[in-house]
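The values are calculated or read from the model by the stated rules, or taken from the named source; none is laboratory data. These numbers were taken from a predicted model, which means no experiment stands behind them. Cβ coordinates were reconstructed from backbone atoms using ideal geometry, including for glycine residues, and neighbour counts include every protein chain displayed. Accessible surface is based on the protein model in full, side chains and every heavy atom, while ligands, DNA and RNA are left aside. Shrake-Rupley method; radii C 1.70, N 1.55, O 1.52, S 1.80 Å.
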Amino acid sequence: MVTVFLDKEVADKHGHHSNIPIHDVAIVGGGMVGMALACSLARMPLTNQLNVAIIDSNPALLSSDCIRKEDPPDPRVSTVTPATIDLFEDVGAWKYVDRHAYFDKMQVWDYTGFGYTRYNARDINKEILGCVVENKVLHRFYYHAYRLSSMTMQSSSSSSPHGSLAKLELSDGNSLYAKLVVGADGSKSRVKELAGINSTGWKYSQNAIICTVEHMEENHCAWQRFLPNGPIALLPIGDNFSNIVWTMAPEESLNRKSMPEVDFVKEIDRALDNGYGPHPKSQLFGSRAAFSWLTGDTTVSANECFEVPPRVTKLASERMVFPLSLNHATSYALKRVVLIGDAAHTVHPLAGQGVNMGFGDAFSLAKVIAEGIAVGSDIGEVSLLRRYESDRRPANLTMMAILDGFQKAYSVDFGPLNVLRAAAFQGAHYISPLKRHIISYASGEQRFPLFS
């Protein structure tokens, strides 16, 4: 059962004006990660009878407006890994995601022209490397998969413990109690603040521009080029459309957001072609010969040459700009309070891993709640919730460290470091065991060995 409150009229109709409702789980934040948790709880046998409240002030979550096929894709997208898709399929939910674009190839290179790496799903005997989905499509999918037909919304203003329950006071004066409060309310989490959980991290001196662009032909490959001020990614989103995620200095982002469309399109094509530096050469360091003693059996992509991405012909959406930061909560769980998604951690978008980390949190927490119910535990007990933290914290920290390391390594234009980066590109391209490990880790198929 799902209940979420919006206005006094609806609350009165359900009798909440005289008796404060009690819920098993109150999820604060109806975004993709919060809704993924709700969907998972609703579809697991041990948890599908839980009384769950979703608390959010965004009316779009309840919108039943159709997404018209002829509309261009929205610029706000997520790159979903095969491991995340498997999680959705396990709870019977992925079939509702009806507008998306799979990709089976990826090319990564930098502006120096010293090296590149190509990846192919067939390198690890898979059909896809990932899938790009509009965020609004994921929201729509949750709405139907979870059958949220009678939800209303309100934002939470405060929470406090009340004996064996947590009390949430809503901004319209209503209140509710819950055995467990889940903070899924983003990087500026009010739940985290009220629970007194601190964060560590920093702001990057970078912004990201996102937008939808159109080509003359369909794009089936994910492309990423590292430029002097940050990476640019071109991600397929279906038909002749792609999504741009371009990281740059804040001043540059404001200038590029406001420049005429024709000039911005030229800037994109320049950034993805030979602007800032030449195309990579395949024979740097003697190519495959330099790594022949490490390569083992050859991967499919090791025989693929560098390709220039499809040219962008026009913009198909507005340009949106947002600042970038890294943040990590010092704790994920206290008694009756737990954090998931961006409320627990935020990362640089250069590998599109942020939302997958959040989905991993949601499904891990749902599993821990189910395990607690199976043995009769109180789902708000910190000893149970620490099992979720023990599962997710090492994996999230590892991914955060890797992404931050990439961000720093490619933010410096220094001769010897450029050569080392080129050697890394060539090694990843030709050393088959290394390439397979990178693909498996990035796709969520396996964890970093230290935490396996």
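Name the residue, out of Glu267, Glu252, Glu261, that is closer than 30 Å to Leu138 by Cα, modelled with pLDDT of 95 or more and open to solvent by 40 Å² or more (accessible area, probe 1.4 Å).
Numbers: Glu267 fails: closer than 30 Å to Leu138 by Cα; Glu252 fails: closer than 30 Å to Leu138 by Cα.
From the options Glu267, Glu252, Glu261, the qualifying one is Glu261.
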What pairs come out if I take residues in segment 296-323 that are open to solvent by 70 Å² or more (accessible area, probe 1.4 Å) and pair them with residues that are among the aliphatic types (A, V, I, L, M) and in a loop (DSSP other than H, G, I, E, B) whose C-beta lies under 8 Å away, six or more apart or interchain?
Arg311/Met216
Filter the strands (runs of 3 or more DSSP E) completely within segment 100-164 down to those with at least 3 residues that are open to solvent by less than 40 Å² (accessible area, probe 1.4 Å) and modelled with pLDDT of 85 or more.
105-110, 116-120, 130-134
Out of Gly372, Gly380, Gly358, Gly352, sole residue that is touching a Lys or Arg at 6+ places or on another chain (Cβ under 6 Å), buried (at least 18 other Cβ atoms within 10 Å of the Cβ) and not acidic (Asp, Glu):
Gly380
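Take the residues of segment 77-92 that are in contact with a Lys or Arg (Cβ under 7 Å, 6 or more places away or on another chain) and either in a helix (DSSP H, G or I) or surrounded by 13 or more Cβ atoms within 10 Å (Cβ to Cβ) (or both): which is modelled with the lowest pLDDT?
Restricting attention to segment 77-92, the residues satisfying the condition of being in contact with a Lys or Arg (Cβ under 7 Å, 6 or more places away or on another chain) are 82, 91-92.
With the extra rule that they be either in a helix (DSSP H, G or I) or surrounded by 13 or more Cβ atoms within 10 Å (Cβ to Cβ) (or both), the set shrinks to 82, 91.
Working: Pro82: 92, Val91: 73.
For segment 77-92, the residue satisfying everything is Val91.
Working only within segment 321-359, note down all residues that are assigned to a strand (DSSP E or B) and under 12 Å from Leu403 (Cα atoms).
Of everything in segment 321-359, those that are assigned to a strand (DSSP E or B) and under 12 Å from Leu403 (Cα atoms) turn out to be Ser325, Leu326, Thr346.
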Please work out which residue is modelled with the highest pLDDT, limiting yourself to segment 425-452 and to residues that are surrounded by fewer than 16 Cβ atoms within 10 Å (Cβ to Cβ) and part of a helix (DSSP H, G or I).
Pro433
Could you grab me the full set of residues in segment 40-65 that are open to solvent by 60 Å² or more (accessible area, probe 1.4 Å), outside any loop (DSSP other than H, G, I, E, B) and at pLDDT 80 or above?
Arg43
Among the listed residues Glu193, Glu217, Glu169, which satisfies the condition of being free of Cβ contacts under 8 Å to residues at least 40 places away in the same chain, open to solvent by 10 Å² or more (accessible area, probe 1.4 Å) and not in a helix (DSSP H, G or I)?
Glu169
